Structures are given as C-alpha cells and as structure tokens.
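The values are calculated or read from the model by the stated rules, or taken from the named source; none is laboratory data. Predicted, not measured: the structure shown is a model, and the values here were computed from it. Please note: Cβ atoms are built from the backbone with ideal geometry, for glycine as well, and neighbour counts cover all protein chains shown. Only protein heavy atoms, including side chains, enter the accessible area calculation; ligands, DNA and RNA are left aside. Shrake-Rupley method; radii C 1.70, N 1.55, O 1.52, S 1.80 Å.
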Amino acid sequence: MKNLFFYGTLRHRALLETVIGRAGDGLDVARAVLPGHAVLAARDGPFPVLIRDPASRAEGIVVRGLTDQDIARFDFYEAGFDYDLQRLTLESGEVAEVYVPAPDAWATDGPWDLDAWARDWAGMSVAAAHEVMDGFGTLTPQEISNRFARIRTRAWSNVLAQNSRHGAGVLRGKVEIIDRKRAHTNFFGLDEITLRHETFDGAMSDPVQRAVFISSDATIVLPYDPVRDRVLLVEQIRLGPIGRGDPVVWQMEPVAGLIDPGETPEAAAHREAQEEAALTFSSLEAVGECYASPGAATDFFHLFVGLCDLPDTNHRIGGEADEGENIRSHILSFDELLTLAEDRRTANAPLTLLTYWLAHHRARLRVS
C-alpha cells in the first residue's frame, strides 16, 4: 500500500475518480501540505507545475492505502506529461509519493488556482481523462501522448455540447448504456455501444448495438462582401470523396476548422479565416448549429456568415503547413454561388445551407 500527495488537478474529485477507476467514497483522503515547494501554472496548458521553493508551502491532499493497480493507473495517466514519482515528506511528517515534473520541462506563469481551473477546464479534463484511461492496458503512455491533442479537442466538444440551442419539443427520455468500447482512436475515434432507450410509449427498448464516429466540433463560415455582393470559397483535397470512390476529390467549401480547447466557435471562425484565406471579418452572422449525420457521427457544425472586404481576385494559396494543409481561395459573385446550389453542384452540405440562408438575408445585409 502507498500514499500519494496530489497538489494539482487530481484534487478535483471527479477527475480523481475517473483516473483511479472507482468511486472516491471508499478512499482515505485528507488535506495535506508539502513544505518547501510551490505550485505554479504551466504557461502552455491548463495544469500546474510543482517547483522547489524553500519559502513556500504546497497545499493539496494525501490519498492513503493505494494498491499497486491504483498506482499503475496513476502512472499511466501522468506518464504522458513527463511526471515521475518521488518520495517526499509532508508537513505532518508523513512520507508520501508525489508526481514531480522533469526539471525545466514546463515554463511557468504565476501561481496556479484550483478554483479557476475547475471553473474553466474541469469538464474538458474529466472528459479527456475518460478517453485516456480507456487506453489503460491496451495503449502505451507514448501513444496516449501522441494523441493527446486530439483527445483534448474531442473532450472540448463534450463541453460545448452542454450548451446546445436545439432540442425543443423532443423526447428527453432515459438512455441506458449497457456497454461502450473504444474500437479505434487516433485522429478520430470509433465507439461501439450497446444500449437500451425509452420508447415513445414509455417502455424501454430491447438492447441494440450501434457504432458512432467520434470527431470534434467545427466552425464553418462563409465569407461574404455585402458591398461587392461576392463570396469566397476555399478548395482543398478531401478524404470523404476518396473514401467513397468519388473521382472529384478536390472540393469547394466555406472556410472551416475544428474548435480548439478553450476556444469559442466565434473565435475559431476568425482564426480559421486568417489561416486559410488571410481574411479579417468585420462581424459574424450566426446562421445555426447542426449535426452532420446524427445517426452515425458526433460531427457538429457551428455555422456563420462572415462579413468582410473581398478583393477583385484572390487565388491565394494558404493553410497551415504543419497540418498538411494546401488551400486555394476562389472569389465568386453571389449569383454564381446560387446558380451552383440551384444546379445541385455544391456537394458540401454546409455550403448549400449557408448559400440559401444568405439568399434569404442578403438584402438586409446589403442595406446594413
């Protein structure tokens, strides 16, 4: 049996229970202090760093009587952050093991605040921990580390999902998850789920087996110049047509991108416009939000029209080179875009939706 001292995010009960894999009611947990150390905020992420400081005291908790299996789960969770266990003496005289970062592994930026972290990041961190710990026993810590950026992005989509505007008038019935397994995880995830759900007559269905493609929320924005009455589309190679066997694999689309952890859909719209087309929006018109295919995938789109100044010609090549993007911009009159949609030649569902929304609101935007 071992004792661990936690000074950072694992003081949050929901995260602690997720990592250890069981309810915290049976754990021996007490407040504790580690002398000669300070807890600082990491500059590059929402987590703390423990440093030696003779004039400081690090407040935290000690969890006693942990099994070898418990320690193995904590080691797996912490290994991707380059933290190692050290035996240190607490202010009470009790000896506990502490996860300490490698020297100079992380730049710091002032004191770390647990309450502020819990307010802004706990939901994402717990969701990410669930996916990380799903890999315990099947993935290596290095594999988790390599995928962690995508894991956090998927977890942030879980946070955004709690504030969706849709759902009026639909059944808010009971869903019983019998089994859920991660069949694949890398850039995307794939979960196999066995569930029962409430039916419209109030009964429960028989168990059904389903699979769901796990992606991340994305912002999609159609740049529109209301003075010149023109739009900008971007062209790039797309994997969907390749997977389907479509000979047309370069597609015309609005500006789009995944929403980063901690980012709002609006902020993502402005960022992606700069990255893909070097555009600055004067304002954003919120169009809507929707699932791409709710029967099979978590893909969720936040749709906007971005008002901007578009030059006479723009065949700029853009995109983020470190993400393998190669993107070409195209300027079209609104009439040309509407003709494409009317002729069923916009093979991109968000583009078609945004085109018809703009057709409905175009006169208002041009006047204003």
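Below 8 Å, C-alpha to C-alpha, sequence gap of six or more: please give me the relative contact order for the chain in percent. Walk me through the numbers on the way to the answer.
On the way: 678 pairs, mean separation 43.9, N = 368.
It rounds to 12 percent for the chain.
Taking a quarter of the surface of the convex hull around the Cα atoms of the range 60-129, what do you get in nm²?
6.1 nm²
Return the carbon/sulfur percentage of the accessible area of the range 80-145, one whole number, probe 1.4 Å, all protein chains in place.
48 percent
Want the number for Ser56 to Glu323: 0.36 nm per residue separation, take away the alpha-carbon distance, what's left?
Taking Ser56 through Glu323 to full extension adds about 91.9 nm, to one decimal.
Among Val98, Val175, Val212, determine the one that fluctuates most according to a GNM of the chain built with springs between C-alpha atoms less than 10 Å apart.
Comparing Val98, Val175, Val212 in a Gaussian network model of the chain, the most mobile one is Val175.
For the chain, find the longest principal axis of its Cα atoms and tell me its angle to the long axis of helix 349-367, 0 to 90°, nearest 10.
Taking Cα atoms only, the helix is inclined about 70 degrees.
Cβ under 15 Å from Ile51's Cβ, Ile51 left aside: what net charge do those residues give with Lys, Arg +1 and Asp, Glu -1?
Net local charge, Ile51 excluded: -3.
P(r) for the range 118-200, please, calculated from all Cα pair distances in 10 Å bins and given in %.
For the range 118-200, the binned pair fractions read 15, 38, 34, 11, 1 percent.
Can you compute the helix-only [θ] at 222 nm over the chain? Use -39500 (n - 2.57) per DSSP H run of at least 4 residues, normalise by all residues, nearest 500 deg cm²/dmol.
Roughly -9500 deg cm²/dmol at 222 nm, from the helical runs in the chain.
Using a 7 Å offset from Cα along Cα-Cβ at Arg43, what residues in the range 103-145 end up with backbone N under 19 Å from the label point?
Only 103-113 pass the distance filter.
Once both labels are modelled 7 Å past Cα along the beta-carbon direction, what's the Lys181-Thr89 spacing in nm?
Each label point lies 7 Å from its Cα, and together they span 5.0 nm.
Grab the alpha carbons of the range 284-352, take their convex hull, and tell me the volume per residue in Å³.
Convex hull volume per residue, Cα atoms: 145 Å³.
Please compute the net charge surrounding Ala278, taking Lys and Arg as +1 and Asp and Glu as -1 over other residues with Cβ under 13 Å from its Cβ.
Taking every other residue near Ala278 into account, the sum is -2.
Report the label-to-label distance for Thr280 and Ala296 in nanometres (one decimal), using points 7 Å from each Cα along the Cα→Cβ vector.
4.2 nm
Could you compute the FRET efficiency for Ile242 and Asn163, with r as their C-beta to C-beta distance and R0 at 45 Å, rounded to 0.05?
The computed FRET efficiency comes out at 0.85.
May I ask for the angle, rounded to the nearest 10°, between helix 141-160 and the longest principal axis of the chain, with both axes built from Cα atoms and the value confined to 0 to 90°?
So the inclination is approximately 60 degrees.
Of (1) 29, 24, 23; (2) 45, 26, 18; (3) 36, 22, 20, which is the value of semi-axes √(5λ) of the Cα gyration tensor in Å derived from the coordinates here?
Here the calculated entry is (2).
Using only alpha-carbon positions, what ratio does the radius of gyration of the range 312-352 give when scaled by 2.2 N^0.38 Å?
So the Cα radius of gyration is 1.44 times the expected 2.2 N^0.38 Å.
If only Cα atoms are counted, what is the Rg of the range 99-157, and what is its Dmax, in Å?
13.4, 37
How much length is gained if the chain between Arg119 and Ala203 is pulled fully straight, taking 0.36 nm per residue apart and subtracting their Cα-Cα distance, in nm to one decimal?
Values: separation 84, 0.36 × 84 = 30.24 nm, distance 3.79 nm.
Gain in length upon complete extension: 26.4 nm.
Could you work out how far helix 114-134 tilts from the main Cα principal axis of the chain, as a 0 to 90 degree angle to the nearest 10?
Roughly 90 degrees between the two axes.
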